[in-house]
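Derivation of every value follows stated rules applied to the coordinates shown; laboratory data play no part. Small disclaimer: the values here were computed from a predicted structure and weren't measured. Heads up, the Cβs are rebuilt from the backbone with ideal geometry, glycines too, and the neighbour counts pull from every protein chain shown.
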């Protein structure tokens with residue numbers, strides 16, 4: 001199966017998909033275009049584990065579209081997905097958040113190089129607390 005980092009982001013995508021489905025069921029979006037969008041989203045969920053690098057652009061496109069097409073749920077898009085897909089998604093993140101994620105990425109790579117396990121969520125919480133205490 002995929003590495004833990006990829007598995008984590010697949011879970012976030014699944015969660016985002018449930019939000020999108022609920023949005024459609026609440027009839028808050030045009031049904032036909034929403035159904036087509038969900039098909040593309042499902043395509044990403046299928047392709048990402050098989051070809052993570054090749055799926056990056058599709059992921060960037062879809063996450064940006066979620067924010068642009070469905071502004072009422074933009075605040076529900078996991079920030080980790082913006083960082084994961086990067087590219088145009090990074091335009092939706094403020095500088096201080098980009099700095100936090102850059103540091104997280106460095107810590108993850110350091111742990112991988114040392115052959116150690118890395119808990120993204122725990123490290124993110126610790127860095128967030130440290131940042132808050134500095135301000």
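Evaluate the distance, in nm, between pseudo-label points positioned 7 Å from the Cα of residue 22 and of residue 126 along their respective Cα→Cβ axes.
A separation of 3.2 nm, rounded to one decimal place.
Using Cα atoms only, what is the angle between the long axis of helix 95-113 and the major principal axis of the chain, expressed in degrees (0 to 90) to the nearest 10?
60 degrees
Projected area of the chain, taken from the Cα convex hull and averaged over every viewing direction, in nm²? Numbers along the way, then the final one.
Numbers: hull surface 36.3 nm².
Spelled out: convex hull of the Cα atoms, projected over all directions, averaged, 9.1 nm².
If R₀ is 25 angstrom, what is the calculated FRET efficiency for the pair residue 42 and residue 91, using the beta carbon separation as r and rounding to 0.05? Mind dumping the intermediate values first?
Numbers: r = 25 Å, r/R0 = 1.01.
With a Förster radius of 25 Å, E is 0.50.
Can you tell me the orientation of helix 120-134 relative to the chain, as the angle in degrees between its alpha-carbon axis and the longest Cα principal axis, to the nearest 10?
Once rounded, one gets 70 degrees.
Dimensions of region 1-78 along principal axes (Cα, Å, largest first)?
Ordered largest first, region 1-78 gives principal extents of 36, 20, 18 Å.
Which whole-number percent of Cα pairs in region 70-135 have a distance greater than 21 Å?
Looking at region 70-135, the distances longer than 21 Å represent 31 percent of pairs.
How far, in degrees from 0 to 90, does helix 56-69 lean away from the longest principal axis of the Cα atoms of the chain, to the nearest 10?
It is inclined by approximately 60 degrees.
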